[in-house]
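Beneath this line is the structure, given in structure tokens, with notes to follow.
The values are calculated or read from the model by the stated rules, or taken from the named source; none is laboratory data. Because the structure is predicted, anything quoted here is derived from the model rather than measured. Here the Cβ is made from the backbone with ideal geometry for all residues, glycine too, and neighbour counts use every protein chain on show.
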Amino acid sequence: MKQIFKIIMLSMAVSTLFASTSIAQQKTSSLKEFTYDDISAGLFRQKSVWGLRSMENGENYTATKGNTIEEFSYKTGEKTAILFDGSTVIPEIKSIYNYEFSNDESMILIATNVAEIYRHSYTAKYWIYNIADKSLTELSEGKNQEVASFSPDGSKVAFVRENNLFYVDIASKEEVQMTTDGKFNFILNGKPDWVYEEEFAFSKGYEWSKNSKNIAYYRSDEERVKEYHMNRFDEKLYPTVYSYKYPKAGEQNSIVSIYSYSLEGAKSVKMNIGDEDDQYVPRIQWNGTSLMIFIVNRLQNEFDILQCNISDGTSKVVYNEKEDCYIERLTDDSVLFLPDGDRFVVKSEKNGFMHLYLYSITSGELNAITKGDWEVVNFLGVNKDGKVFYTSTETSSVRRNLYSVNLNGKRKKRLTTGDGMYRISFNKNFSYYISYFSNTTTPNVVTLHKANGSLVRVLEDNASLKARIAEYKLPVKELMTITTEKGFELNAYILKPLDFDVNKKYPLFMTQYSGPASQQVSDSWYISWEYALVNEGYLVVCVDGRGTGFRGEEFKKCTYNNLGGLEVIDQADAAKYFAKQSYVDGSRIGIYGWSYGGFMSLNCILKHSDIFKSAIAVAPVTSWRYYDTIYTEIYNGLPQDNPAGYDDNSPLGFAKNLKGNLLIAHGSADDNVHPQNTFEMIRNLEKEGKMFDMVIYPDRNHSMYPERWPRRNLMNKCIFFVKEKL
């Protein structure tokens, strides 16, 4: 009887399963198909609210619309003024690329006619607009500049032109040249060199003092740095060659000096930052009348803050931090000096997780503001009452929420209530903030809140996008945690067809980046090209292995001095985990990556050909010896000291192992990961008699821009490759 009962129950379960599958298939049969071209054309593009600038009063904000700058009320959302209308002032201004108010908000500095240089830098035609009398003046007639900015008192504008630093007196229109030795590929004044701009993420290499009497600036001597040369084709009969200074791992960097220029004395004073000419200066800030200079050693495992006397250049160390592996790269939110001139808030991993600390220059006391086995992600600032605002991973490493806490670490409060990813932007006086929220099932929702978290109004809810999604076979990202055979728990997500049938065997396509401190698996809404593969019957999986971020120092820094070692093992183990699932065809597993991810996908198919049938590598690093000093050495040390860390995991040494299908793509004008990486990989594959697919995009950079068609072509090529080879 028991056996008969089991058979009956099993039959009922199978019948129920097939019935459920049949119902699911009926529900999805009426939904529309989509392709990558639909994704690229913006079918599922989220709306947002970008470019809002807080006014000094904290009650109003500005936004651009075409060639106008409009003012709105935070409270009501109503337009309160049109501050600038290009159509009535000068027809030449068709659109506004960037703008900045003087501190008293009587003038606007407007950037137009932009020509991009590298990732952050550009030249532009700048205009000064007086709101009261509606007059518009070109900053420097007939010439383009870089990184122009008002002095705090609004009387002057500083800028860089042809690698020299200038300022203009607005009233007299007199132009003063502060430096004269600037020369491309030799001396840069007031702007960073390529590697500083790329890795320290800034393009403005000077700072006005708060009293407008001095300008502190970077001077970068590039003469000893070796040049990299790129052919530019540009549909011309003969290509041109673009050469620029690019320091590769283990090679010499620029010699960076910091100066302070006195506008009254018309002279520069060099700051004493030590005798070491092979160190980094990631940031400079003013603290009252003192200039604070951040110094990081070449190995990037020691961080000093120097307090400098600008009259004679003398300096003293007021803060020091050391790490066994490395100090996480300093950004704009790493340090904030408080108005008392003595204390500052600093982000640090000194206790294993990224947290906020309060430090006193006078006493040397360092006190934790936040603590716990979670990480502060964005330090947003401190209001006049000493309340600290930040986002963190306290609820989950794949989520972000906004919190406030007192400087003494007490009265912590969570201000956001949803489960997902929040990005927060406060106004000038921290009375309002704009929240950008999404999760795996919710496209971007933009809302305005008071500082206590209470909702003021909804700015964008993407209701029309939600309705459109319901019409299509768009898969939903499923978050999960997998445990590898070695016992490591890794965050992951999987995309399945809406008519997923557990009784079928699906090919599996893995997408990843895997770089140090990165994160691809998050509770957020984002549609990428891989969604089109799901529509073609593939499962798509992403796994954040060891070395990725937001799970503490131990998890992140275990890959130190061995890039591509543990990360590749984790991707291979993740593939084996999914291959064991009943619904996965373990003989059809592919992997994709771009940049660091391309380095990874090459290593995966070359080192684990028994697991991966196909791989796509876009703009891959193939030897860390070819990449820049700042990024590479922070994670891998110097090649002179750690040759094994550079060579043991270089795909170049494993070309003979290729058995599966490989597609490599690169832009010929990639100034970041040079096409040299791909060409050397090709050389080694050809030496070994290996067959592979390759595509080169002429004059395209690391992102395959500026035009959109190369990226669209590339993603379609990836889809065709997967359908044919997997």
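Data for the structure
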{"quantity": "Number of the exception - TYR560 against (1) within 28 Å of GLU633 (Cβ to Cβ); (2) of a type outside the set (S, T, N, Q); (3) not in a loop (DSSP other than H, G, I, E, B)", "calculated": "(3)"}
{"quantity": "The listed residue being of a type in the set (Lys, Arg), closer than 15 Å to LEU490 by Cβ and touching a Pro at 6+ places or on another chain (Cβ under 7 Å), out of LYS556, LYS576", "calculated": "LYS556"}
{"quantity": "Residue count, segment 210-237 (criterion: more than 30 Å from SER102 (Cβ to Cβ) and of a type in the set (Ser, Thr, Tyr))", "calculated": "1"}
{"quantity": "Failed criterion for TRP709 (all others in (1) surrounded by fewer than 19 Cβ atoms within 10 Å (Cβ to Cβ); (2) in contact with a strand residue (DSSP E or B) (Cβ under 9 Å, 6 or more places away or on another chain); (3) of a type in the set (A, V, I, L, M, F, W, C) hold)", "calculated": "(2)"}
{"quantity": "Any strands (runs of 3 or more DSSP E) falling wholly within segment 367-436 and containing at least 1 residues that are more than 22 Å from the chain's Cα centre (by Cα) and farther than 24 Å from SER522 by Cβ", "calculated": "376-382, 387-392, 401-406"}
{"quantity": "Output for segment 493-519, where each listed residue is crowded, with 22+ Cβ neighbours inside 10 Å and either of a type in the set (Gly, Ala, Ser) or without any contact (Cβ under 8 Å) to a residue 40 or more places away in the chain (or both)", "calculated": "SER514, GLY515"}
{"quantity": "Selected residue (only one of ASP342, ASP332 is under 22 Å from GLY205 (Cβ atoms) and acidic (Asp, Glu))", "calculated": "ASP332"}
{"quantity": "Number of the condition not met by GLU105 [criteria: (1) more than 19 Å from ASN214 (Cα to Cα); (2) free of Cβ contacts under 8 Å to residues at least 40 places away in the same chain; (3) not in a strand (DSSP E or B)]", "calculated": "(2)"}
{"quantity": "Residue that is farthest from the chain's Cα centre (by Cα) [pool: residues in segment 282-337 that are buried (at least 18 other Cβ atoms within 10 Å of the Cβ) and small (Gly, Ala, Ser)]", "calculated": "SER315"}
{"quantity": "Residue match in segment 43-59 (condition: hydroxyl-bearing (Ser, Thr, Tyr), modelled with pLDDT under 95 and surrounded by fewer than 17 Cβ atoms within 10 Å (Cβ to Cβ))", "calculated": "yes"}
{"quantity": "Residue satisfying condition, being in a strand (DSSP E or B) and under 21 Å from LYS65 (Cα atoms), within set ALA115, ALA158, ALA148", "calculated": "ALA115"}
{"quantity": "Looking only at segment 676-726, and only at residues there that are assigned to a loop (DSSP other than H, G, I, E, B), in contact (Cβ under 8 Å) with a residue 40 or more places away in the chain and at negative phi, the one that is farthest from the chain's Cα centre (by Cα)", "calculated": "LEU726"}
{"quantity": "Scan of segment 618-638 for residues that are in a helix (DSSP H, G or I), surrounded by fewer than 24 Cβ atoms within 10 Å (Cβ to Cβ) and of a type in the set (A, V, I, L, M, F, W, C), ordered by number", "calculated": "ILE630, ILE634"}
{"quantity": "Hits in segment 599-613 (condition: surrounded by 23 or more Cβ atoms within 10 Å (Cβ to Cβ) and not in a helix (DSSP H, G or I))", "calculated": "PHE612"}
{"quantity": "Residue satisfying condition, being under 27 Å from ARG119 (Cα atoms) and in contact with an Asp or Glu (Cβ under 8 Å, 6 or more places away or on another chain), within set PRO675, PRO706", "calculated": "PRO706"}
{"quantity": "Subset tally (residues that are within 15 Å of GLU175 (Cβ to Cβ), in a loop (DSSP other than H, G, I, E, B) and not acidic (Asp, Glu)) for segment 118-145", "calculated": "5"}
{"quantity": "Scope segment 402-434; condition hydroxyl-bearing (Ser, Thr, Tyr) and over 17 Å from PHE379 (Cβ atoms); matching residues", "calculated": "THR417, SER431, TYR432"}
{"quantity": "Complete set of residues in segment 190-206 that are touching a residue at least 60 places away in the same chain (Cβ under 8 Å), surrounded by fewer than 22 Cβ atoms within 10 Å (Cβ to Cβ), over 14 Å from ASP671 (Cβ atoms) and of a type outside the set (Gly, Ala, Ser)", "calculated": "PHE200, PHE202"}
{"quantity": "ASP304 touching a Ser or Thr at 6+ places or on another chain (Cβ under 6 Å) and among the acidic types (Asp, Glu)", "calculated": "no"}
{"quantity": "Extreme residue, nearest to GLY372 (Cα to Cα), among residues of segment 431-455 that are hydrophobic (A, V, I, L, M, F, W, C) and touching a residue at least 60 places away in the same chain (Cβ under 8 Å)", "calculated": "ALA451"}
{"quantity": "SER348 being over 18 Å from PHE202 (Cβ atoms), at pLDDT 95 or above and crowded, with 19+ Cβ neighbours inside 10 Å", "calculated": "yes"}
{"quantity": "Given (1) under 16 Å from ASP193 (Cα atoms); (2) buried (at least 17 other Cβ atoms within 10 Å of the Cβ), index of the condition SER268 fails", "calculated": "(1)"}
{"quantity": "Breaking point among (1) free of Cβ contacts under 8 Å to residues at least 24 places away in the same chain; (2) assigned to a loop (DSSP other than H, G, I, E, B), for VAL458", "calculated": "(2)"}
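For (1) surrounded by fewer than 19 Cβ atoms within 10 Å (Cβ to Cβ); (2) over 26 Å from the mean Cα position of the chain (by Cα); (3) farther than 25 Å from ASN103 by Cβ, each residue gets a yes or a no:
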{"position": "ILE128", "(1), (2), (3)": "no, yes, no"}
{"position": "GLY142", "(1), (2), (3)": "yes, yes, yes"}
{"position": "ALA158", "(1), (2), (3)": "no, yes, no"}
{"position": "TYR167", "(1), (2), (3)": "no, yes, no"}
{"position": "GLU175", "(1), (2), (3)": "yes, yes, no"}
{"position": "TRP208", "(1), (2), (3)": "no, yes, no"}
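Here's the yes/no breakdown for (1) in a loop (DSSP other than H, G, I, E, B); (2) under 24 Å from GLU222 (Cβ atoms):
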| position | (1), (2) |
| --- | --- |
| TYR261 | no, yes |
| GLY274 | yes, yes |
| TRP286 | no, no |
| MET292 | no, no |
| LEU299 | yes, yes |
| TYR326 | yes, no |
| LEU336 | no, no |
| PRO339 | yes, no |
| VAL346 | no, no |
